[in-house]
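Take a look at the structure below.
Every number here is computed from the coordinates shown, using simple stated rules; none is lab data. Nothing here was measured: the structure is a model prediction, and the numbers come from that model.
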Amino acid sequence: MVGLRRLRATGRSRFGQVVATLPLLTLPLAVMQSVFDLSGLDSSSPLYLVSDLAWPLSMLLTLVGVTVLFAGVLKGWEQFVPLFCGRGLPVALVLGALFGDAALFWSFPLHTALGWALLGYVVYRAAPRTLSAAALAS
């Protein structure tokens, strides 16, 4: 997400920059909810409630993906990768409904890992042609 923001892949407008920044706030909170769940920490705490609410908000990646498409900074197949990242939950829910809980259980982490790996690759490839060396250093 930081890479997309630095590339200005969501455009140069104020809206594009806000859209690229929101997941930087919601994703860390969403990860914190997973830490609570995995560690068995108190799920009645206010911090858990905030992190639990942030989880669906982190799916704003779909909005980021649509904004990237309209901005036109990324080209070819690369412009669809942010949208792919934001589709993990809907895809998992559909697969779970069609094929049962096992499909839901394996499809979301697989889709998420593949999406974020591809996004990293896209940002890595796009940076030299989109940013100057000075911008990359900052």
Using just the helices of the chain, give the 222 nm mean residue ellipticity in deg cm²/dmol: DSSP H runs with n ≥ 4 each add -39,500 (n - 2.57), and the total is spread over all residues, rounded to 500. -24500 deg cm²/dmol
For PHE15 and TYR121 in the same chain, what is the full-extension length gain: residue separation times 0.36 nm, less their Cα-Cα distance, in nm? 35.7 nm
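With the contact rule set at Cα under 8 Å and sequence spacing of 6 or more, what percent relative contact order holds for the chain? Walk me through the intermediate numbers first.
Working: 156 pairs, mean separation 30.1, N = 138.
Relative contact order of the chain: 22 percent.
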